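Right, one structure below, let's go through it.
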């Protein structure tokens with residue numbers, strides 16, 4: 001029995017691992033039913049505490065939790081921020097499958113690119129990417145991107161243009177997701193918000209990918 005777990009974090013920096021401040025939401029489900037728990041929920045049914053209880057209960061029932069890059073990202077932060085530990089028998093990382101490893105050999109790394117190869121729609125990703133574009137013209141983000149890019153030129157020996165654009169993408173994406181989350185919280189957790197569509201969209205697309213890969 002498979003279910004997808006997907007985690008969103010508060011990260012408005014450029015490092016996808018080191019700059020995370022907290023988990024803002026946890027999504028659990030499959031292609032037909034999904035649940036979203038979030039840190040600022042005023043409804044006790046949808047708090048991160050309830051998500052922790054739900055995950056623990058499902059694990060005890062023998063469910064296998066799947067996700068894209070699950071071990072290195074979602075599982076890591078579930079343990080780091082919430083103390084959730086899962087046994088190997090409860091974990092299935094789509095990124096470890098032979099099909100995904102082959103994609104990586106051809107420089108296909110992102111979930112949306114893998115889904116595209118498998119014919120899976122990722123409209124939710126496109127909408128968030130469009131929102132992120134507007135952040136790339138903000139002076140504070142541009143200045144932060146320049147500073148970080150210069151550091152990466154020294155440490156990674158990347159070209160300045162490549163480093164700047166790479167950092168700018170990360171900063172803009174992080175701000176777009178977090179600001180969308182704040183709008184979602186202010187709405188009282190409405191399902192017609194961009195953040196809800198984005199977060200739940202990852203669960204659906206990852207579950208569809210699981211099936212497309214033959215699991």
**OP:** Taking residue 114 as meeting all but one of (1) within 25 Å of residue 51 (Cβ to Cβ); (2) under 19 Å from the mean Cα position of the chain (by Cα); (3) part of a helix (DSSP H, G or I), write down the number of the exception.
**Re:** (1)
Original post:
Of all residues in the stretch 22-40 being in a loop (DSSP other than H, G, I, E, B) and in contact with a helix residue (DSSP H, G or I) (Cβ under 8 Å, 6 or more places away or on another chain), which is farthest from residue 196 (Cα to Cα)?
Top reply: 22
**OP:** Restrict the check to the stretch 172-179 and report whether at least one residue is touching a residue at least 60 places away in the same chain (Cβ under 8 Å), surrounded by 21 or more Cβ atoms within 10 Å (Cβ to Cβ) and out of contact with any helix residue (DSSP H, G or I) (no Cβ under 7 Å at 6 or more places or on another chain).
**Re:** yes
Original post:
Within the group 49, 62, which residue is at pLDDT 95 or above, more than 19 Å from residue 195 (Cβ to Cβ) and in a loop (DSSP other than H, G, I, E, B)?
Top reply: 62
**OP:** Restrict the check to the stretch 70-86 and report whether at least one residue is at pLDDT 95 or above, in a loop (DSSP other than H, G, I, E, B), within 16 Å of the chain's Cα centre (by Cα) and buried (at least 22 other Cβ atoms within 10 Å of the Cβ).
**Re:** no
**OP:** From (1) at pLDDT 95 or above; (2) surrounded by 13 or more Cβ atoms within 10 Å (Cβ to Cβ), pick out the condition that doesn't hold for residue 113.
**Re:** (1)
**OP:** Please verify whether the stretch 131-152 includes one or more residues that are more than 21 Å from the chain's Cα centre (by Cα), part of a loop (DSSP other than H, G, I, E, B), at pLDDT 95 or above and over 17 Å from residue 38 (Cβ atoms).
**Re:** yes
**OP:** Find all pairs meeting these conditions: Cβ atoms under 6 angstrom apart; at least six residues apart or on different chains; first residue within the stretch 43-65 and free of Cβ contacts under 8 Å to residues at least 24 places away in the same chain; second residue surrounded by 15 or more Cβ atoms within 10 Å (Cβ to Cβ) and not in a helix (DSSP H, G or I).
**Re:** 47/41; 50/37
Original post:
Would you say residue 20 is farther than 20 Å from residue 206 by Cα and in contact with a strand residue (DSSP E or B) (Cβ under 6 Å, 6 or more places away or on another chain)?
Top reply: yes
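The values are calculated or read from the model by the stated rules, or taken from the named source; none is laboratory data. For clarity, every value in this text was computed on a predicted model and none was experimentally measured. As a convention, Cβ positions derive from the backbone with ideal geometry for all residues, glycine included, and neighbour counts pool all protein chains shown.
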